[in-house]
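Have a look at the structure below, then the notes.
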């Protein structure tokens, strides 16, 4: 993945207007704030849906929670845009970052989980009335969804604490001096 990472870093770093905005005094804080608003919309909507699938709030029909989907989609769209801005501003701090890489993996798995749910069990679950318990597979899907989205959030938070360097292990003296001693 090394050559692809390098190509990607160079390519997204060339989006100068975004980089300049993000490096302004208010660019990063404003984008971070909007990113958290998107996260709140996304995870808040998903969490109540998943908790209903797990059996909480049985007094409300599952179909009522489906009205939150537009909020989840809006939150996801906001996070894609703002997250892309972070990557364009500091590509080298994301592309080589293990926490970011894991975040993308968990994000892809969460998306696959949603797809599987809608293809296989949504129609059955949507017809359940108030008080009805969802089937075991739907409960499993809800638990997996919560776990995957929490993993996305945790990995996103860990990005800040893992700062990759451009250390080249093939250059022994430079590697020891720059990457181990520092």
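The values are calculated or read from the model by the stated rules, or taken from the named source; none is laboratory data. Values in this document were obtained by computation on a predicted structure and should not be read as measured data. Methodologically, a virtual Cβ is constructed for each residue, glycine included, from the backbone with ideal geometry; neighbour enumeration extends over all protein chains shown.
Given the criteria surrounded by fewer than 20 Cβ atoms within 10 Å (Cβ to Cβ), in a helix (DSSP H, G or I) and in contact (Cβ under 8 Å) with a residue 12 or more places away in the chain, does residue 19 qualify? So residue 19 passes the test. The set of residues from region 153-177 being modelled with pLDDT under 75, under 19 Å from residue 98 (Cβ atoms) and not in a helix (DSSP H, G or I) comprises 163, 164, 165, 166, 167, 168, 169.
Of all residues in region 28-37, one or more are surrounded by fewer than 15 Cβ atoms within 10 Å (Cβ to Cβ) and under 15 Å from residue 149 (Cβ atoms).
Residue selection: residue 35 satisfies the criterion of being touching a helix residue (DSSP H, G or I) at 6+ places or on another chain (Cβ under 9 Å), over 28 Å from residue 131 (Cβ atoms), part of a helix (DSSP H, G or I) and in contact (Cβ under 8 Å) with a residue 24 or more places away in the chain.
In summary, helices (runs of 4 or more DSSP H) completely within region 44-152 and bearing 1 or more residues that are surrounded by 19 or more Cβ atoms within 10 Å (Cβ to Cβ) and over 22 Å from the mean Cα position of the chain (by Cα) occur at 62-65, 122-126.
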